[in-house]
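Encoded as structure tokens, the structure appears first; notes follow it.
The values are calculated or read from the model by the stated rules, or taken from the named source; none is laboratory data. For clarity, every value in this text was computed on a predicted model and none was experimentally measured. When we count neighbours, we look across all protein chains shown, and the Cβ atoms used for this are built from the backbone with ideal geometry, even at glycine. Areas reflect the complete protein model, heavy atoms only, side chains present, ligands, DNA and RNA absent. Shrake-Rupley method; radii C 1.70, N 1.55, O 1.52, S 1.80 Å.
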Amino acid sequence: MLPGRSQGSYGYAVVDLEATGSSSHRHRVVELAVLLLDRDLVPQGEFTTLIDPQGPVGPTHIHGIEPEHLSGAPRFAEIAARLLALLRGRVLVGHNVGCDRAFLVAEYARLGLRLPAAPEVCTMRIAATAGDGPAPYGLSLRACAAAIGLTDWSPHTALGDARATAALLAHHAPQLPGLSELLATAAGLRWPEPSDLPAAADGLWVRRSNDSARRTVPNVRHGHA
């Protein structure tokens, strides 16, 4: 699906990515997914693509991506402008969100652009302090999802993990303080403009051909102030 959104639309951007390794400085993003939610956690759109890392794909045994899967996939530079449009005005959400953010910061830095310090929500930290947390099974996304009864999904696909993370956010949101303040801060934050990026072709977003992440994650929705 090609990304696009209303400039007046604010809420959450649930982000997950697969990478060629664990270091944001040495490794590259090889798959990305963004799931948009409005301020009441109502889904607004899902966007996912494989990304050509211009080198080895890394741990295929983990993310399942083979070099041949990347035929026709865009380079990060070719999706950078549209990704900015998706993230602008949003609270960034992820499971261990600091890791996802570090990879995005590194990818944009390679293009000469500095990302703003957008407000964040980390579902791993939330689960660590929740009364129905996953202990003693750990804080992996799989364990945290299982703790809320979510088992039928596709781990280590960017879209599958983003959907599971969104379900975790929806489950815990009624007990989370300060979300309204985060939303207000995100809405007023200034982001770089696409014109700030070096000129690059606008690449089509290419989904995994064997995208088992298309399975539906239960849609647990809760409104909040």
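Between residue 52 and residues 5 or more places away or on another chain, which pairs have amide H atoms under 5 Å apart, with H built 1.01 Å from N, and which residues are they?
Long-range HN contacts for residue 52: 75, 76.
Suppose accessible area is computed on protein heavy atoms with a 1.4 Å probe; arrange 71, 154 from highest to lowest. Mind showing how you got there, number by number?
Details: 71 95, 154 10 Å².
Solvent-accessible surface, decreasing: 71, 154.
Report, to one decimal in Å, the Kirkwood hydrodynamic radius for the range 60-120 based on all distinct Cα pairs. Walk me through the numbers before you get to the answer.
Numbers: mean 1/r = 0.0751 Å⁻¹.
Kirkwood hydrodynamic radius for the range 60-120: 13.3 Å.
With a cut-off of at most 13 other beta carbons within 10 Å, and DSSP calling the residue loop, which trypsin sites (Lys or Arg not before Pro) in the range 19-117 qualify? Please list them.
Working: sites: 26, 28, 39, 75, 82, 88, 90, 101, 110, 114; in loops: 26, 28, 39, 88, 114.
The qualifying sites are 26, 114.
Please report the Cα spread of the range 1-108 along all three principal axes, rounded to whole Å, starting with the longest.
39, 28, 23
Go through the range 66-81 residue by residue and turn each phi into a ³J(HN,Hα) via Karplus (6.51, -1.76, 1.60, θ = phi - 60°); whole Hz please, and just put x for glycine and proline.
My calculation for the range 66-81 gives 9, x, 5, 5, 8, 4, x, 6, x, 7, 4, 4, 7, 10, 4, 5 Hz in order.
Just going by the charge dipole of the range 61-201, with Lys and Arg at +1 and Asp and Glu at -1 on Cβ, which of 180, 159, 104 is farthest out on the positive end?
Result: 180, furthest along the dipole toward the positive end.
What list of ³J(HN,Hα) couplings, whole Hz, do you get for the range 31-42 from phi and the Karplus terms 6.51, -1.76, 1.60, once you set θ to phi - 60° and write x for glycine and proline?
Result, ordered by residue: 7, 9, 9, 10, 10, 8, 10, 7, 5, 9, 6, 7 Hz.
For the residue pair residue 111 and residue 196, what label-to-label distance in nm results when each label sits 7 Å from Cα along the Cα-to-beta-carbon direction?
The two pseudo-label positions are separated by 1.2 nm.
In percent, what relative contact order does the range 32-117 have, based on Cα pairs under 8 Å that are 6 or more apart in sequence? Before the final figure, lay out each step's value.
Values: 56 pairs, mean separation 16.7, N = 86.
Computed over the range 32-117, the figure is 19 percent.
Across every pair of different alpha-carbon atoms, what Kirkwood hydrodynamic radius in Å does the range 55-182 reach?
Values: mean 1/r = 0.0610 Å⁻¹.
Value: 16.4 Å, from the Cα pair sum.
Give me the log10 of I(q) over I(0) for the chain at q = 0.07, 0.18 Å⁻¹, as the Debye formula computes it from C-alpha points; what are the numbers?
-0.20, -1.42
Amide H neighbours of residue 93 under 5 Å, at least 5 residues apart or on other chains, H built in the peptide plane: list them.
Under 5 Å from the amide H of residue 93: 13, 14, 15, 121.
Just to check I understand the Karplus step: with θ = phi - 60° and J = 6.51 cos²θ - 1.76 cosθ + 1.60, what whole-Hz values come out for the range 98-111, glycine and proline as x?
Per-residue couplings from phi come out as x, 5, 4, 4, 4, 5, 5, 4, 5, 5, 5, 4, 5, 9 Hz.
Ignoring ligands, DNA and RNA, how do 22, 140 rank by accessible area with a 1.4 Å probe, largest first?
Working: 22 105, 140 65 Å².
From most accessible down to least: 22, 140.
In terms of modelled amide H atoms, which long-range or inter-chain residues lie less than 5 Å from the amide H of residue 19?
Placed amide hydrogens put 30 under 5 Å from residue 19.
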